[in-house]
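Undergrad: Structure incoming, see below.
The values are calculated or read from the model by the stated rules, or taken from the named source; none is laboratory data. As the structure is a computational prediction, the values presented were derived from the model and not from experiment. Counting neighbours? That spans all protein chains shown, and the Cβs are built from the backbone with ideal geometry, glycine included. Protein only, heavy atoms only, side chains kept; ligands, DNA and RNA dropped before computing areas. Shrake-Rupley method; radii C 1.70, N 1.55, O 1.52, S 1.80 Å.
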Amino acid sequence: MRRLASNCLATLPWSRRCSIGSCIRRTAQMRGAQLADEGPQRFEYRGGHKVRSTFSGHTLGMPSPRLTEMPNEIDEPISVVGYDPRWPGWYTTDADELSSALGTRLREVQHFGGTSVPQTAAKPIIDILVAPLEWPLATTDRRTLEGLGYEYLGQANVAGREYFRRRAAHDTNLALVQWGSPLWCDNLLLRDFLRAHRDEANEYARAKMEAWRSGAQMLLAYSARKAHVVAALLNAARKWRHQSALDSLRR
C-alpha cells in the first residue's frame, strides 16, 4: 500500500513564493524552532520492504542551544561543505543496512536535512529520519542499532526524538521518531519546501556557510547561530503547504 509521508504535507506547486528575507524578519523571535536538521531520496522502506519514493525535489530536532541533558556527548566539531554527489548513494547504503537489520520492525525511513537537498552546501553528515514500527523506542530496536555501530544519545533535548550517530567512513545521524508525528511531518515538509524552492535553499546554504565561517564550528553553537533561519523557513514551508491545499481544493 503506497502510503507515503506525503499524507502529512502538501507538495503541490505554489505560485506565490514567500521571501525568505521577510520570513526571517517576521520570525526572528522563533529561535527555539526544533527540527531534525539537514541528492534526492530514491528509496524508502516500509514494513521492511524497499519501495521507490514519489517525492521530488531537513537532523531531527535541531538541538536546543540551552541543553539540559548530555551536552558534552552531543557537542562535536562540524564543518559545512559544498554539495557532494556521493550523498544520495551514502543514504541509500545506510537505508539498506537499516532495512536489513530492523526488517519488519521498520515502518519507514526518509533522507532529510541538508544532504537531502540537491546542489546545496551542508554538514557532510547523512541525516536519516527513522520511524520504527513500535513506539516508544523498544530496547530490541535500540540494541539492533547499537550493533550496527550507532551511538545512542537519548532524546538529546528534543522531546519525541531518539538520537543516534555513527562516525565511520562516512558520518550518519539517525533521528528516530513516531511516524506521522509533528517531528516527522515538519522535517519532511521543510525538506520538500527546500527541494521545491531553489532560491530559498541557496539562501539557507549561504546562511549555514556564513555561520560556520564566522566561528560557529561546534554543533551547539552552529545550531544556535542558524536557529532563526530554520524557524523562518519552517514558517514559509507551512504557508506553502496551506496555500497548496487551498489551490488543490479549487481545482
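For (1) within 20 Å of Gln243 (Cα to Cα); (2) at pLDDT below 95; (3) of a type in the set (Asp, Glu); (4) in contact with a Lys or Arg (Cβ under 9 Å, 6 or more places away or on another chain), each residue gets a yes or a no:
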{"site": "Asn157", "(1), (2), (3), (4)": "no, yes, no, yes"}
{"site": "Phe164", "(1), (2), (3), (4)": "no, no, no, yes"}
{"site": "Gln178", "(1), (2), (3), (4)": "no, no, no, no"}
{"site": "Asp186", "(1), (2), (3), (4)": "yes, no, yes, yes"}
{"site": "Phe193", "(1), (2), (3), (4)": "yes, no, no, yes"}
{"site": "Asp199", "(1), (2), (3), (4)": "yes, no, yes, yes"}
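Undergrad: Can you tell me which residue in the range 176-195 is nearest to Leu137 (Cα to Cα), limited to those that are in contact with a Cys (Cβ under 8 Å, 6 or more places away or on another chain) and in a helix (DSSP H, G or I)?
TA: Restricting to residues being in contact with a Cys (Cβ under 8 Å, 6 or more places away or on another chain) and in a helix (DSSP H, G or I), the top hit is Trp184.
Undergrad: For the range 191-237, which positions are charged (D, E, K, R) and either open to solvent by 30 Å² or more (accessible area, probe 1.4 Å) or over 27 Å from Val109 (Cβ atoms) (or both)?
TA: Scanning the range 191-237 gives Arg198, Asp199, Glu203, Arg206, Glu210, Arg213, Arg225.
Undergrad: Taking the range 126-151 as the region of interest, how many residues are in a strand (DSSP E or B) and buried (at least 17 other Cβ atoms within 10 Å of the Cβ)?
TA: Residues meeting the conditions: 7.
Undergrad: Filter the range 203-251 for residues that are outside any helix (DSSP H, G or I), modelled with pLDDT of 95 or more and more than 16 Å from the chain's Cα centre (by Cα) and give the result.
TA: Of everything in the range 203-251, those that are outside any helix (DSSP H, G or I), modelled with pLDDT of 95 or more and more than 16 Å from the chain's Cα centre (by Cα) turn out to be Ser214, Gly215, Ala216, Gln217, Met218.
Undergrad: Here are the criteria: (1) within 25 Å of Asp84 (Cβ to Cβ); (2) open to solvent by 20 Å² or more (accessible area, probe 1.4 Å). Tell me which single one His242 does not satisfy.
TA: His242 satisfies every listed condition except (1).
Undergrad: Same structure, new question: Looking only at the range 107-125, filter to residues that are out of contact with any Ser or Thr (no Cβ under 9 Å at 6 or more places or on another chain) and among the polar types (S, T, N, Q); which one of those is most open to solvent (accessible area, probe 1.4 Å)?
TA: Restricting to residues being out of contact with any Ser or Thr (no Cβ under 9 Å at 6 or more places or on another chain) and among the polar types (S, T, N, Q), the top hit is Gln119.
Undergrad: Name the pairs whose Cβ atoms lie under 8 Å apart, with the first residue in the range 208-228 and farther than 9 Å from Ile78 by Cα, the second of a type in the set (Asp, Glu), and 6 or more positions between them or separate chains?
TA: Within 8 Å, the pairs are Leu220/Asp75; Ser223/Asp37.
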